[in-house]
Amino acid sequence: MAKDTLARYCQAMKDLGVEPVSTPAVGYRYELTESGHAFSFLIHEPDASFLHAPKVTILSKPKIKGVKQTHVVEGDTLCYFDDNAYYFDAEHPEKAASDIIGFINLTIKRMISPELALEDFNNEFDAYWRPERYVYLIGSEQVRYFATYKRWSPITQRESSESLLHEGEDSSTFQAWAGKRGYTRIEQNAVENVVALTLKNSPVKAQIEGAFSWPISSWQAFITWSQSQGNSFVASLLEKVANIALRTNDITIVLNYNNANGLIHYFAVRILFKRGIRETAKRDQRARVSAKKSRQKGRKLKDIIGMFSAQQAKSFERIGILNASPRFVIARNTLQKELSGLKIAVVGCGTLGGFISNTLVKLGAGTGEGGKLIFSDGDWLKPENLGRHVLDATYVGELKSTALQHFLQNSVYWPLQCEVWPSLDEVYSKRLLAHCDVVIDAVGNIPLSKLLSSIYHCSTFSEKTILLHGWVDSDGGAIRCLLDDKTGGCFHCLRVEGKERFPIFKNQDEGNTNTRLAMSCGQSFTPYAASVSMAGAALIVNTLLDNLNNKSSPRLRQYKVSSSAPDLKWQNLKPLDNCSVCRR
């Protein structure tokens, strides 16, 4: 980093015509007029290393009719760039100064445009909701309860409280979450107190600008806002509120919508009504029954709105939601490419199979209708395995397959459907290939890989099954995998007349004795770091994901760990003309 970074930055600001100010010591006043609207900013608190971007405070801004205020956070601070997508380089402070001004200009262009400001407001709604507190959501589809629980922190060794939106204390997701979070007190027989609705429109529409102040701060304002979502939404909302109000006057309303990018947002309000809400709910119920009996067209919506909007609330609270629902946690990083609903088998639960399985679970394997994760391995976990296995000493002496099932089911807070199968022979191999959508061969045993490949290609019951072989090669210097979906070459096509088609060693016999260490008679191992298995798991799982979403993606792949390993171009393996398996 240059020693004169800050001095060069200050000079660059002056060269750009930005006026320095006397206070703070390093601060610049930037005046901007855009489409006739004048703004004044203070650019200050620069960091010589640019670990943090200079702060931009709005000194003055116009009030533009019909435009939502966006990109302004507490303290009149301008949010002018995304620090996850861009950084200011301390080696180039002149460019940093220029980019700061450029980002401010671009932000203001969006701020003054009614259309762009409204688009930003709805796409970044969480930033403008201004919640008074946050709660965790673990049951997005059937959320019915809002409650606060005591938990014990293993880090601080203290008890604290957290609020939760969930489906019910008897649900497996709640039970697992409560265990993971260390809940010390759980209220039994909780009253259903949540109204959950989906918005068909964006939270704020242009035509209702000015109808209420933002963010919403009262029950009456919330009712006014709800009318922008249409009559059917308001009617559904008030009917649900009335049903809940028959049991409790403490009601939480949870709303969700999809923004223009397809991302789901949740926000909520909690209203503590005065006791009169129950009488209002009873009158509403009687009116609904009467209208149904008399076969009237229905009550006037404005009368229903008037009845509920007149209710006095003891308190009104905006709630921000931290989405911990399993569906969201799984799908967030895969953009809907998760593995839920598939039957996936992992054959071989050693170091490679363990990290593969751990990754599959985070992608939704073992969840969804029909989804299942199957493990097969007849070996047991030994102390020497711990140095590169996902399992820890808890499971020493246990079958790797059974231990992996237990470990993974206890690693998540959602139901994980798993099975353990015996070690594979010809009979069980046939059953597994017929039963599964995906079979991942991570056992590192060439005879078993050949058996699976032969059964796979001679059967008709596995037409839609994917067989994915993965193995550590070159004594830990490379990982290779081959996805077989019967459209290209098979595992047998990797060898020509007994020799490797894509040699990993210059000398074909080198791999038999290169770095293997003998442990006992007939037992040896190849030393390599756990990071090799982790890299292999990433390669193998990504190959599966790519193929599920793009059938033309390369099926034969290699990841080099060591520079001594030869390169292997990713490709779709061509079958050998004389292959006795896939060209039978």
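The values are calculated or read from the model by the stated rules, or taken from the named source; none is laboratory data. In this text the structure is predicted, and so the values were computed from the model without any measurement. Neighbour counts are summed over all protein chains in view; Cβ atoms, including those assigned to glycine, are modelled from backbone coordinates with ideal geometry. All accessible areas refer to the heavy atoms of the entire protein, side chains included, with ligands and DNA or RNA removed. Shrake-Rupley method; radii C 1.70, N 1.55, O 1.52, S 1.80 Å.
Quick notes
- Residues within region 419-451 that are open to solvent by 20 Å² or more (accessible area, probe 1.4 Å) and either part of a strand (DSSP E or B) or among the acidic types (Asp, Glu) (or both), tallied: 6
- Considering residues of region 178-201 that are within 25 Å of Val412 (Cα to Cα), touching a residue at least 40 places away in the same chain (Cβ under 8 Å) and part of a loop (DSSP other than H, G, I, E, B) only, the residue most open to solvent (accessible area, probe 1.4 Å): Glu187
- Considered as a group, the residues in region 285-321 that are surrounded by fewer than 15 Cβ atoms within 10 Å (Cβ to Cβ) and in contact with a strand residue (DSSP E or B) (Cβ under 7 Å, 6 or more places away or on another chain) include one that is farthest from Asp126 (Cα to Cα), and that residue is Lys314.
- Identity of the residue in region 399-418, touching a Phe, Trp or Tyr at 6+ places or on another chain (Cβ under 7 Å) and among the aliphatic types (A, V, I, L, M), that ends up surrounded by the most Cβ atoms within 10 Å (Cβ to Cβ): Leu404
- Count of residues meeting criterion [open to solvent by 50 Å² or more (accessible area, probe 1.4 Å), assigned to a strand (DSSP E or B) and not charged (D, E, K, R)] in region 133-144: 2
- Filter result (closer than 14 Å to Leu468 by Cβ and either among the acidic types (Asp, Glu) or in contact with a Leu (Cβ under 7 Å, 6 or more places away or on another chain) (or both)) within region 347-362: Val347, Ser357, Leu360
- Unique match (being assigned to a helix (DSSP H, G or I) and closer than 26 Å to Trp421 by Cα) among Val329, Val361, Val390, Val346: Val361
- Residue match in region 152-161 (condition: in a loop (DSSP other than H, G, I, E, B), surrounded by 14 or more Cβ atoms within 10 Å (Cβ to Cβ) and touching a residue at least 24 places away in the same chain (Cβ under 8 Å)): no
- From the list Val347, Val329, Val361, Val396, the lone residue that is open to solvent by less than 10 Å² (accessible area, probe 1.4 Å), in contact with a strand residue (DSSP E or B) (Cβ under 9 Å, 6 or more places away or on another chain) and either modelled with pLDDT under 95 or over 30 Å from Gly168 (Cβ atoms) (or both) is Val347.
- Of the set (1) farther than 21 Å from Ala538 by Cβ; (2) touching a strand residue (DSSP E or B) at 6+ places or on another chain (Cβ under 8 Å); (3) of a type in the set (Asp, Glu), all apply to Glu369 but (2).
- Considering residues of region 86-132 that are among the basic types (Lys, Arg) and assigned to a helix (DSSP H, G or I) only, the residue farthest from the chain's Cα centre (by Cα): Lys95
- Filter result for Trp214 (on the phi < 0 side of the Ramachandran plot, of a type in the set (A, V, I, L, M, F, W, C), open to solvent by 40 Å² or more (accessible area, probe 1.4 Å) and out of contact with any His (no Cβ under 6 Å at 6 or more places or on another chain)): yes
- Of all residues in region 532-560, those satisfying the criterion of being open to solvent by 70 Å² or more (accessible area, probe 1.4 Å) and within 26 Å of Cys349 (Cβ to Cβ) are Met534, Asn542, Tyr559, Lys560.
- Of the residues making up region 368-385, those that are open to solvent by less than 20 Å² (accessible area, probe 1.4 Å) and either farther than 11 Å from Trp421 by Cα or outside any strand (DSSP E or B) (or both) are Gly371, Leu381.
- Failed item, numbered, when Ala147 is tested on (1) assigned to a loop (DSSP other than H, G, I, E, B); (2) open to solvent by less than 30 Å² (accessible area, probe 1.4 Å); (3) of a type in the set (Gly, Ala, Ser): (1)
- Inter-residue pairs, beta-carbon under 7 Å, first free of Cβ contacts under 8 Å to residues at least 40 places away in the same chain and in region 450-463, second of a type in the set (Asp, Glu) and open to solvent by less than 80 Å² (accessible area, probe 1.4 Å), 6+ apart: Tyr456/Asp484
- Matching residues in region 168-177 - criterion: being in contact with a Phe, Trp or Tyr (Cβ under 7 Å, 6 or more places away or on another chain) and open to solvent by 10 Å² or more (accessible area, probe 1.4 Å): Thr173, Ala176, Trp177
- Hits in region 316-350 - residues which are free of Cβ contacts under 8 Å to residues at least 60 places away in the same chain and not hydrophobic (A, V, I, L, M, F, W, C): Arg332, Asn333, Gln336, Glu338, Ser340, Gly341
- Residues located in region 393-409, provided they are assigned to a loop (DSSP other than H, G, I, E, B) and in contact (Cβ under 8 Å) with a residue 24 or more places away in the chain: none
- If the condition is being open to solvent by 80 Å² or more (accessible area, probe 1.4 Å) and either of a type outside the set (Gly, Ala, Ser) or in a strand (DSSP E or B) (or both), then region 29-60 contributes Arg29, Glu31, Thr33, Glu45, Leu51, His52, Leu59.
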